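Step one of this worksheet: look at the structure below.
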Amino acid sequence: MALVPYDENLLPALSKLHQTSAEFNLANHRIRLSQDWNRLGVAAVVWDAAVVLCMFLEMGTVDLKGKRVIELGAGTGLVGIVAALLGASVRITDREAALEFLTANAALI
């Protein structure tokens, strides 16, 4: 079961999901991604789990240089983008409705 906040005023802590962009300093890069909850819902926001995974990858416990990575259901593409910045050859995927949005975010890097 998933709790999906469709009302931006329902929980103030979830207001970040309704912002038009999210910015991160990861893999020695400043990454700014577009978000659009109203257009694509869960596929177009950066979830905390993605940020935590990126921070783990940044630690270097897993060496991504020269590795091939596929991100399924990438949403905004943050994890795939960070993996690429860390040296992986990356394929980022999502449902067809989200591909244009995902492609635009990936092109910003």
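The values are calculated or read from the model by the stated rules, or taken from the named source; none is laboratory data. The structure presented is a predicted model; accordingly, all values stated were derived computationally and were not measured. FYI the Cβ positions are ideal-geometry reconstructions off the backbone, even for glycines, and counts take in every protein chain you see. Note: areas computed on protein heavy atoms with side chains; ligands, DNA, RNA excluded. Shrake-Rupley method; radii C 1.70, N 1.55, O 1.52, S 1.80 Å.
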Only unsatisfied item for LEU99, checking (1) closer than 21 Å to ASN25 by Cβ; (2) open to solvent by 10 Å² or more (accessible area, probe 1.4 Å), is (1)
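Would you pick out the residues in the range 88-109 that are closer than 16 Å to VAL46 by Cβ and in a loop (DSSP other than H, G, I, E, B)? Write out each step before concluding.
Step one: filter the range 88-109 for residues closer than 16 Å to VAL46 by Cβ, giving 92, 94, 98, 101-102, 104-106, 108-109.
Once the filter is applied, which keeps residues that are closer than 16 Å to VAL46 by Cβ and in a loop (DSSP other than H, G, I, E, B), the range 88-109 yields ASP94, LEU108, ILE109.
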Working only within the range 73-99, note down all residues that are modelled with pLDDT under 95 and hydrophobic (A, V, I, L, M, F, W, C). ALA74, ILE92, ALA97, ALA98, LEU99
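Being among the aliphatic types (A, V, I, L, M) and in contact with an Asp or Glu (Cβ under 9 Å, 6 or more places away or on another chain) is the filter; apply it to the range 41-77 and report the residue that is farthest from LEU17 (Cα to Cα). Talk me through it step by step, then tell me what you get.
We begin by selecting, within the range 41-77, every residue among the aliphatic types (A, V, I, L, M); these are 42-46, 49-53, 55, 57, 59, 62, 64, 69-70, 72, 74.
Among the residues that remain, those that are also in contact with an Asp or Glu (Cβ under 9 Å, 6 or more places away or on another chain) are: 43-45, 72, 74.
Numbers: ALA43: 11, ALA44: 9, VAL45: 6, LEU72: 20, ALA74: 16 Å.
So, considering only residues that are among the aliphatic types (A, V, I, L, M) and in contact with an Asp or Glu (Cβ under 9 Å, 6 or more places away or on another chain), the one farthest from LEU17 (Cα to Cα) is LEU72.
Can you say whether ALA104 is open to solvent by less than 60 Å² (accessible area, probe 1.4 Å) and modelled with pLDDT under 95, as far as the supplied structure shows? Give the derivation first.
Values: open to solvent by less than 60 Å² (accessible area, probe 1.4 Å): yes; modelled with pLDDT under 95: yes.
In short, yes.
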